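See structure below.
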Amino acid sequence: MTGDERRQALEGIADEITACTRCRLHEGRARAVPGEGDPDTEVVFVGEGPGFNEDREGRPFVGRAGGLLVRLLASIGWRREDVFITNVVKCRPPDNRDPQPDEIAACAPYLQRQLAVLDPAVVVTLGRYSMAAFMPGVRIGQVHGTTRPIDPETGAGDALAFAMYHPAAALRTQALERESFEDIARVPGVLLRARERRESVAVPSAEGPAPAEGPAPAEPLAGHPDVVSGPGRVNGAGDPAIRPAPPALPTPAVDDPAADEASQLTLF
Ligand code: SF4
(Lines give C-alpha, C1' and ligand atoms only; values in the text may rest on other atoms or scores of the structure.)
Protein backbone atom coordinates (compact mmCIF):
# COMPACT_ATOMS: atom_id res chain seq x y z
CA MET A 1 0.00 0.00 0.00
CA THR A 2 1.43 3.42 -0.92
CA GLY A 3 1.47 6.40 1.40
CA ASP A 4 -1.38 8.01 -0.54
CA GLU A 5 -3.44 4.84 -0.32
CA ARG A 6 -2.81 4.67 3.42
CA ARG A 7 -3.83 8.30 3.85
CA GLN A 8 -7.03 7.80 1.87
CA ALA A 9 -7.90 4.63 3.77
CA LEU A 10 -7.36 6.38 7.12
CA GLU A 11 -9.48 9.33 6.02
CA GLY A 12 -12.26 6.94 5.04
CA ILE A 13 -12.17 5.30 8.48
CA ALA A 14 -12.12 8.75 10.11
CA ASP A 15 -15.22 9.75 8.16
CA GLU A 16 -17.02 6.65 9.44
CA ILE A 17 -15.96 7.40 13.01
CA THR A 18 -17.18 10.98 12.75
CA ALA A 19 -20.65 9.74 11.83
CA CYS A 20 -20.64 6.71 14.14
CA THR A 21 -23.52 5.98 16.52
CA ARG A 22 -22.55 2.43 17.45
CA CYS A 23 -22.37 3.11 21.18
CA ARG A 24 -23.78 5.56 23.73
CA LEU A 25 -20.64 7.71 23.68
CA HIS A 26 -21.79 9.42 20.51
CA GLU A 27 -24.60 11.08 22.48
CA GLY A 28 -22.35 13.36 24.53
CA ARG A 29 -19.51 14.03 22.15
CA ALA A 30 -18.80 17.41 20.62
CA ARG A 31 -16.43 15.85 18.11
CA ALA A 32 -15.24 12.32 17.51
CA VAL A 33 -11.47 11.86 17.67
CA PRO A 34 -10.34 9.32 15.06
CA GLY A 35 -6.61 9.92 15.52
CA GLU A 36 -3.89 11.59 13.53
CA GLY A 37 -0.32 11.32 12.44
CA ASP A 38 2.00 10.13 9.73
CA PRO A 39 0.31 7.43 7.62
CA ASP A 40 3.76 6.06 6.79
CA THR A 41 4.93 5.74 10.37
CA GLU A 42 6.13 2.52 11.93
CA VAL A 43 5.00 3.45 15.44
CA VAL A 44 1.42 3.88 16.66
CA PHE A 45 0.55 5.23 20.12
CA VAL A 46 -2.82 4.07 21.46
CA GLY A 47 -4.40 5.83 24.43
CA GLU A 48 -7.73 5.23 26.15
CA GLY A 49 -10.20 7.88 25.00
CA PRO A 50 -10.60 11.59 24.32
CA GLY A 51 -10.81 14.04 27.20
CA PHE A 52 -12.35 17.50 27.39
CA ASN A 53 -9.87 19.27 25.11
CA GLU A 54 -9.70 16.42 22.63
CA ASP A 55 -13.50 16.36 22.40
CA ARG A 56 -13.55 20.08 21.60
CA GLU A 57 -10.76 19.95 19.02
CA GLY A 58 -11.38 16.53 17.49
CA ARG A 59 -7.69 15.69 17.94
CA PRO A 60 -6.02 13.20 20.29
CA PHE A 61 -3.75 14.20 23.17
CA VAL A 62 -4.02 18.00 22.92
CA GLY A 63 -4.46 18.75 26.64
CA ARG A 64 -1.91 18.52 29.47
CA ALA A 65 -1.48 14.80 28.91
CA GLY A 66 -0.78 15.57 25.27
CA GLY A 67 1.84 18.07 26.35
CA LEU A 68 3.60 15.38 28.33
CA LEU A 69 3.37 12.97 25.41
CA VAL A 70 5.05 15.59 23.21
CA ARG A 71 7.81 16.00 25.81
CA LEU A 72 8.24 12.25 26.05
CA LEU A 73 8.59 12.02 22.27
CA ALA A 74 10.99 14.95 22.21
CA SER A 75 13.18 13.20 24.76
CA ILE A 76 13.98 10.58 22.10
CA GLY A 77 14.19 13.09 19.25
CA TRP A 78 10.76 12.35 17.82
CA ARG A 79 7.79 14.64 17.11
CA ARG A 80 4.11 13.78 17.35
CA GLU A 81 3.83 14.24 13.58
CA ASP A 82 6.30 11.37 13.16
CA VAL A 83 3.97 8.79 14.72
CA PHE A 84 0.26 8.00 14.62
CA ILE A 85 -1.76 8.69 17.78
CA THR A 86 -5.22 7.33 18.50
CA ASN A 87 -7.36 5.81 21.28
CA VAL A 88 -9.31 2.64 21.99
CA VAL A 89 -12.55 4.66 22.04
CA LYS A 90 -12.93 7.56 19.67
CA CYS A 91 -15.56 9.56 21.60
CA ARG A 92 -15.22 11.14 25.03
CA PRO A 93 -16.70 9.19 27.95
CA PRO A 94 -18.82 11.53 30.11
CA ASP A 95 -16.89 13.26 32.90
CA ASN A 96 -13.75 11.49 31.69
CA ARG A 97 -14.90 8.21 33.23
CA ASP A 98 -13.23 4.99 32.15
CA PRO A 99 -14.56 3.51 28.90
CA GLN A 100 -16.89 0.59 29.54
CA PRO A 101 -16.38 -2.88 28.06
CA ASP A 102 -19.29 -2.64 25.63
CA GLU A 103 -18.08 0.78 24.42
CA ILE A 104 -14.57 -0.55 23.89
CA ALA A 105 -15.93 -3.56 22.04
CA ALA A 106 -18.16 -1.39 19.83
CA CYS A 107 -15.23 0.84 18.88
CA ALA A 108 -12.64 -1.93 18.48
CA PRO A 109 -13.19 -2.50 14.74
CA TYR A 110 -12.08 1.07 14.00
CA LEU A 111 -8.75 0.61 15.79
CA GLN A 112 -8.36 -2.78 14.18
CA ARG A 113 -8.86 -1.28 10.71
CA GLN A 114 -6.54 1.65 11.42
CA LEU A 115 -3.81 -0.74 12.49
CA ALA A 116 -4.37 -2.93 9.44
CA VAL A 117 -3.84 0.13 7.22
CA LEU A 118 -0.86 1.49 9.14
CA ASP A 119 0.80 -1.93 9.55
CA PRO A 120 3.05 -0.61 12.34
CA ALA A 121 6.19 -2.31 13.61
CA VAL A 122 5.50 -1.11 17.17
CA VAL A 123 2.28 -0.29 19.02
CA VAL A 124 2.91 1.74 22.19
CA THR A 125 0.02 1.34 24.60
CA LEU A 126 -0.71 4.29 26.88
CA GLY A 127 -2.61 3.22 29.98
CA ARG A 128 -4.23 0.03 31.14
CA TYR A 129 -7.23 -0.04 28.80
CA SER A 130 -5.02 0.25 25.76
CA MET A 131 -2.56 -2.23 27.23
CA ALA A 132 -5.39 -4.72 27.85
CA ALA A 133 -6.23 -4.68 24.14
CA PHE A 134 -2.75 -5.92 23.25
CA MET A 135 -1.52 -7.61 26.43
CA PRO A 136 -4.61 -9.11 28.04
CA GLY A 137 -4.43 -10.36 31.59
CA VAL A 138 -1.35 -8.42 32.74
CA ARG A 139 -0.83 -5.60 35.24
CA ILE A 140 0.58 -2.31 34.03
CA GLY A 141 2.78 -1.89 37.10
CA GLN A 142 4.53 -5.12 36.16
CA VAL A 143 4.78 -4.84 32.36
CA HIS A 144 5.29 -1.16 31.59
CA GLY A 145 8.54 -0.75 29.72
CA THR A 146 8.34 -4.24 28.20
CA THR A 147 7.29 -5.64 24.85
CA ARG A 148 5.09 -8.53 23.71
CA PRO A 149 4.31 -9.90 20.27
CA ILE A 150 0.88 -8.75 19.15
CA ASP A 151 -2.01 -11.02 18.26
CA PRO A 152 -2.57 -10.48 14.51
CA GLU A 153 -6.30 -10.32 15.26
CA THR A 154 -5.69 -6.81 16.61
CA GLY A 155 -4.98 -5.69 13.05
CA ALA A 156 -1.33 -4.93 13.86
CA GLY A 157 -0.02 -8.09 12.21
CA ASP A 158 3.54 -8.82 13.23
CA ALA A 159 4.08 -5.74 15.41
CA LEU A 160 5.48 -5.62 18.93
CA ALA A 161 3.41 -4.03 21.69
CA PHE A 162 5.24 -1.82 24.20
CA ALA A 163 3.42 -0.83 27.38
CA MET A 164 3.60 2.59 29.01
CA TYR A 165 1.62 4.41 31.66
CA HIS A 166 -0.99 6.86 30.41
CA PRO A 167 0.50 10.38 30.38
CA ALA A 168 -2.44 11.62 32.50
CA ALA A 169 -1.44 9.15 35.23
CA ALA A 170 2.19 10.19 34.88
CA LEU A 171 1.17 13.83 35.38
CA ARG A 172 -0.36 12.92 38.74
CA THR A 173 2.64 11.08 40.15
CA GLN A 174 6.26 12.20 39.82
CA ALA A 175 7.52 8.63 40.06
CA LEU A 176 5.33 7.56 37.13
CA GLU A 177 6.48 10.56 35.09
CA ARG A 178 10.12 9.65 35.71
CA GLU A 179 9.40 6.02 34.79
CA SER A 180 7.58 7.15 31.65
CA PHE A 181 10.72 8.95 30.46
CA GLU A 182 12.73 5.82 31.23
CA ASP A 183 10.21 3.69 29.35
CA ILE A 184 10.04 5.81 26.21
CA ALA A 185 13.84 5.85 26.02
CA ARG A 186 13.52 2.15 25.16
CA VAL A 187 11.11 2.65 22.26
CA PRO A 188 13.72 3.38 19.55
CA GLY A 189 15.49 0.15 20.46
CA VAL A 190 12.19 -1.71 20.38
CA LEU A 191 11.61 -0.30 16.89
CA LEU A 192 14.99 -1.59 15.73
CA ARG A 193 14.19 -5.02 17.11
CA ALA A 194 10.72 -4.98 15.58
CA ARG A 195 12.21 -4.15 12.17
CA GLU A 196 14.69 -7.01 12.45
CA ARG A 197 11.90 -9.33 13.50
CA ARG A 198 9.71 -8.35 10.56
CA GLU A 199 12.58 -8.67 8.10
CA SER A 200 13.38 -12.14 9.38
CA VAL A 201 9.78 -13.16 8.78
CA ALA A 202 9.56 -11.43 5.39
CA VAL A 203 12.81 -12.99 4.07
CA PRO A 204 12.90 -16.67 5.15
CA SER A 205 16.31 -18.30 5.17
CA ALA A 206 17.27 -21.10 2.75
CA GLU A 207 16.51 -23.60 5.51
CA GLY A 208 12.91 -22.47 5.64
CA PRO A 209 10.72 -19.82 7.27
CA ALA A 210 11.70 -18.13 10.50
CA PRO A 211 10.54 -19.96 13.62
CA ALA A 212 7.26 -18.82 15.10
CA GLU A 213 7.27 -16.71 18.26
CA GLY A 214 6.17 -18.46 21.40
CA PRO A 215 3.20 -17.44 23.46
CA ALA A 216 3.76 -13.77 24.29
CA PRO A 217 6.28 -13.73 27.14
CA ALA A 218 7.56 -10.31 28.18
CA GLU A 219 10.48 -9.69 25.87
CA PRO A 220 13.86 -8.42 27.00
CA LEU A 221 14.42 -4.77 26.31
CA ALA A 222 16.90 -3.49 23.78
CA GLY A 223 16.12 0.21 23.64
CA HIS A 224 18.37 3.15 24.24
CA PRO A 225 18.02 6.92 23.90
CA ASP A 226 21.10 7.02 21.67
CA VAL A 227 19.00 5.63 18.82
CA VAL A 228 18.04 8.96 17.36
CA SER A 229 16.31 8.21 14.07
CA GLY A 230 12.60 8.89 13.70
CA PRO A 231 10.04 6.15 13.27
CA GLY A 232 9.43 6.56 9.54
CA ARG A 233 8.79 3.50 7.43
CA VAL A 234 12.05 2.05 6.15
CA ASN A 235 12.36 -0.08 3.08
CA GLY A 236 15.37 -2.29 2.49
CA ALA A 237 18.28 -2.94 4.77
CA GLY A 238 17.54 -0.35 7.41
CA ASP A 239 18.22 3.21 8.41
CA PRO A 240 21.93 4.05 8.32
CA ALA A 241 21.36 6.82 10.84
CA ILE A 242 20.50 4.30 13.49
CA ARG A 243 23.32 2.88 15.53
CA PRO A 244 23.26 -0.77 16.61
CA ALA A 245 21.09 -1.48 19.63
CA PRO A 246 23.09 -1.60 22.87
CA PRO A 247 22.86 -4.43 25.42
CA ALA A 248 19.50 -5.19 26.96
CA LEU A 249 18.31 -2.97 29.76
CA PRO A 250 16.86 -4.51 32.91
CA THR A 251 13.10 -4.61 33.24
CA PRO A 252 12.08 -2.10 35.91
CA ALA A 253 10.52 -3.61 38.99
CA VAL A 254 7.70 -1.24 39.79
CA ASP A 255 4.61 -1.95 41.77
CA ASP A 256 2.71 1.27 42.35
CA PRO A 257 -0.69 0.36 43.78
CA ALA A 258 -2.21 3.60 42.46
CA ALA A 259 -1.48 2.69 38.87
CA ASP A 260 -1.17 -1.07 39.09
CA GLU A 261 -4.77 -1.91 38.37
CA ALA A 262 -5.41 -5.19 36.66
CA SER A 263 -7.69 -5.20 33.68
CA GLN A 264 -9.04 -8.26 31.97
CA LEU A 265 -10.59 -6.38 29.07
CA THR A 266 -9.89 -7.93 25.73
CA LEU A 267 -10.78 -6.03 22.61
CA PHE A 268 -10.33 -8.51 19.87
FE1 SF4 B 1 -18.73 4.93 17.52
FE2 SF4 B 1 -16.46 4.46 18.85
FE3 SF4 B 1 -17.73 6.80 19.14
FE4 SF4 B 1 -18.77 4.60 20.20
S5 SF4 B 1 -16.83 5.55 20.79
S6 SF4 B 1 -19.88 6.16 19.02
S7 SF4 B 1 -18.21 3.04 18.66
S8 SF4 B 1 -16.77 6.01 17.25
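What about R139, is it within 13 Å of the ligand (Cβ to nearest atom) and out of contact with any Ser or Thr (no Cβ under 7 Å at 6 or more places or on another chain)?
no
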I'd like the full set of residues that are under 16 Å from G58 (Cα atoms) and polar (S, T, N, Q), limited to region 76-108.
T86, N87, N96
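Within region 85-99, can one find any residue that is closer than 25 Å to G189 by Cβ and among the basic types (K, R)?
No, every residue in region 85-99 fails to be closer than 25 Å to G189 by Cβ and among the basic types (K, R).
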Going through region 3-27 one residue at a time, which ones are in a helix (DSSP H, G or I), near the ligand (Cβ under 10 Å from one of its atoms) and surrounded by fewer than 18 Cβ atoms within 10 Å (Cβ to Cβ)?
E16, T18, R24, H26, E27
Residue match in region 39-56 (condition: within 19 Å of V187 (Cβ to Cβ), within 16 Å of the ligand (Cβ to nearest atom), assigned to a strand (DSSP E or B) and not small (G, A, S)):
yes
So R71 fits all but one of (1) within 19 Å of H166 (Cβ to Cβ); (2) surrounded by fewer than 23 Cβ atoms within 10 Å (Cβ to Cβ); (3) near the ligand (Cβ under 9 Å from one of its atoms); what number is the exception?
(3)
Looking at this structure, is R92 within 10 Å of the ligand (Cβ to nearest atom) and either outside any helix (DSSP H, G or I) or under 17 Å from T125 (Cβ atoms) (or both)?
yes
Inspect region 65-85 for any residue being modelled with pLDDT under 95, out of contact with any strand residue (DSSP E or B) (no Cβ under 6 Å at 6 or more places or on another chain) and outside any helix (DSSP H, G or I) and give the result as yes or no.
no
Conditions: (1) surrounded by fewer than 24 Cβ atoms within 10 Å (Cβ to Cβ); (2) at pLDDT 95 or above. V44 meets all but one. Number of the miss?
(1)
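Test I184 against the stated conditions and say whether it is away from the ligand (no atom under 16 Å from the Cβ), among the β-branched types (V, I, T), modelled with pLDDT of 95 or more and more than 15 Å from the chain's Cα centre (by Cα).
Working: away from the ligand (no atom under 16 Å from the Cβ): yes; among the β-branched types (V, I, T): yes; modelled with pLDDT of 95 or more: yes; more than 15 Å from the chain's Cα centre (by Cα): no.
No.
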Looking at this structure, is A218 modelled with pLDDT under 95 and over 17 Å from T41 (Cβ atoms)?
yes
Restricting attention to region 102-131, which residues are away from the ligand (no atom under 16 Å from the Cβ), part of a helix (DSSP H, G or I) and surrounded by fewer than 24 Cβ atoms within 10 Å (Cβ to Cβ)?
A116, V117
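The values are calculated or read from the model by the stated rules, or taken from the named source; none is laboratory data. Here the structure is a predicted model, which is why all the values come from computation and not from measurement. Cβ sites come from the backbone with ideal geometry, for glycine too, and all protein chains shown count toward neighbours.
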